[in-house]
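Visitor: Handing you a structure now.
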Amino acid sequence: MPEDALRIEDLVKRYPTGVEALRGVSLDIAPGELFALLGPNGAGKSTLIHCTTGLAQPTAGSIRVFGHDAIDDYGKARQAVGLAPQELNLDWFLTVEETLDYHAGYFGMPKRERRERTKELLETFSLTEKRDERTRTLSGGMKRRLILARAVMHRPRLLILDEPTAGVDVELRLELWHYVQRINQEGTTILLTTHYLEEAEQLCDRIAFINDGQIVGEGTSSELAGRYGVANLEDAYLALVGRNELSRSKIEVVS
Ligand code: ADP
């Protein structure tokens, strides 16, 4: 049997403040899957991602990325992961091209390959004309594109997208969806967090709901709707957060 792309077992994260952000989370993502993690603000999504990418230290439990332990075998585990974080954490003093080149250098990519990969991604993300501009001068949409280009620069086998389309316009959202679907079809495993339920529905094979540090449901969109006895994923989500009364089916349609 092939190894899971991501295998999380009984993960607990207690911050020094005493907040228990993850309370025994287990999750398996198979190679090639496009998997969504949905949950309200404060549910623990970012903490789970931070533990997977070494930005936070788990209190208990284990995380394996393509068989590599995220702590004991950090280098190999981290090499397999590309992270597009929610916050636009670019180095504002680098140019667009340097951003990609330095990242790839950090991940050990030889110079020539770095140059070719940078060229290719600048094209893919319509950033070629901006290559010599400092990142701080880019528009919000361009920054978002660059974050994604940087995340895939070292050809990670598992790509983690933390709310990649928050606050982006319709065209860019659809552009990103097309890109994400393409690289998934080419073999990249993807873990996506989003607040846009239609994004998860449109793109993802499987969806997990996380609430208050625990996985409370997992399956395809229709399985989840069936489990909560409702018509669609959004209503299943509302059932999860105890807000069924907000269902769109209860909003009058303006004629
Ligand atoms: P989400 O990404 O789903 O919004 P988070 O993982 O950011 O959720 O947060 C989960 C819980 O952990 C929240 O109660 C949040 O306030 C808390 N938390 C997150 N980061 C920290 C931190 N660095 N120190 C203390 N508490 C934190």
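Visitor: Just the residues that are acidic (D, E) and part of a helix (DSSP H, G or I), please, taken from the range 117-165. Before you say what the answer is, go through the steps one by one.
Guide: Keep residues of the range 117-165 that are acidic (D, E), which gives 120, 123, 129, 132-133, 162-163.
Selection gives E120, E123, E129.
Visitor: Moving on to the next point. Kindly list, by first and then second residue, each pair from a residue in the range 43-70 that is free of Cβ contacts under 8 Å to residues at least 24 places away in the same chain to a residue that is near the ligand (Cβ under 10 Å from one of its atoms) and open to solvent by 10 Å² or more (accessible area, probe 1.4 Å), limited to pairs with Cβ atoms under 6 Å and residues at least 6 apart or on different chains.
Guide: H50/A56
Visitor: Looking at the range 202-224, which of its residues are closer than 30 Å to V12 by Cβ and part of a helix (DSSP H, G or I)?
Guide: So in the range 202-224, the residues closer than 30 Å to V12 by Cβ come out as 203-221, 223-224.
If the condition is that a residue be closer than 30 Å to V12 by Cβ and part of a helix (DSSP H, G or I), then L203, S221, E223, L224 are the ones that fit.
Visitor: Identify, by number, the condition in (1) in contact (Cβ under 8 Å) with a residue 24 or more places away in the chain; (2) crowded, with 16+ Cβ neighbours inside 10 Å; (3) within 13 Å of the ligand (Cβ to nearest atom) that R14 doesn't meet.
Guide: Here R14 meets the rest and fails (2).
Visitor: Determine if the range 32-54 includes at least one residue that is part of a helix (DSSP H, G or I), open to solvent by 40 Å² or more (accessible area, probe 1.4 Å) and in contact with a His (Cβ under 6 Å, 6 or more places away or on another chain).
Guide: No, the conditions are met nowhere in the range 32-54.
The values are calculated or read from the model by the stated rules, or taken from the named source; none is laboratory data. Everything numeric in this text was worked out from a predicted model, so none of it was measured. Counting neighbours? That spans all protein chains shown, and the Cβs are built from the backbone with ideal geometry, glycine included. What goes into the accessible areas is simple: the full protein's heavy atoms, side chains included, and nothing from ligands, DNA or RNA. Shrake-Rupley method; radii C 1.70, N 1.55, O 1.52, S 1.80 Å.
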